[in-house]
1. Going through the stretch 44-63 one residue at a time, which ones are out of contact with any strand residue (DSSP E or B) (no Cβ under 6 Å at 6 or more places or on another chain), under 16 Å from residue 27 (Cβ atoms) and assigned to a helix (DSSP H, G or I)?
2. Out of curiosity, is residue 69 surrounded by 14 or more Cβ atoms within 10 Å (Cβ to Cβ) and free of Cβ contacts under 8 Å to residues at least 24 places away in the same chain?
3. If you scan the stretch 1-22, which residues turn out to be assigned to a loop (DSSP other than H, G, I, E, B), in contact (Cβ under 8 Å) with a residue 12 or more places away in the chain and out of contact with any strand residue (DSSP E or B) (no Cβ under 6 Å at 6 or more places or on another chain)?
4. If the Cβ limit is 6 Å and pairs must be 6+ apart or interchain, which residue in the stretch 52-65 that is at pLDDT below 95 pairs with which residue that is surrounded by 11 or more Cβ atoms within 10 Å (Cβ to Cβ)?
5. In the stretch 4-44, what count of residues is obtained for those that are in contact with a helix residue (DSSP H, G or I) (Cβ under 8 Å, 6 or more places away or on another chain) and more than 19 Å from residue 60 (Cα to Cα)?
6. Give the residues of the stretch 24-49 that are under 17 Å from residue 4 (Cβ atoms) and loosely packed, with under 15 Cβ neighbours inside 10 Å, sorted by residue number.
């Protein structure tokens, strides 16, 4: 993942991958989506994350899955 989207630091959330500049784990977004919640629901609950960060993360994840499947 690009550094501007994701960060990891052992001092932040135990080293979990988080949205850069926040303490919000990427896993939280995935959990929301898996539960059928919308991106808007996620953003409402975690206002420190921007829509641009969410979309960039999802686009990067999509590209990696497509590349791995090719």
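The values are calculated or read from the model by the stated rules, or taken from the named source; none is laboratory data. Not measured: the values here are computed from a predicted model. Note that we place each Cβ from the backbone using ideal geometry, even for glycine, and neighbour counts take in every protein chain shown.
1. Selection gives 45, 54, 57, 58, 60, 61.
2. It is false that residue 69 is surrounded by 14 or more Cβ atoms within 10 Å (Cβ to Cβ) and free of Cβ contacts under 8 Å to residues at least 24 places away in the same chain.
3. 1, 2, 3, 4, 5, 21, 22, listed by residue number.
4. That search, which allows pairs on different chains as well, returns 60/1.
5. The total comes to 3.
6. 48
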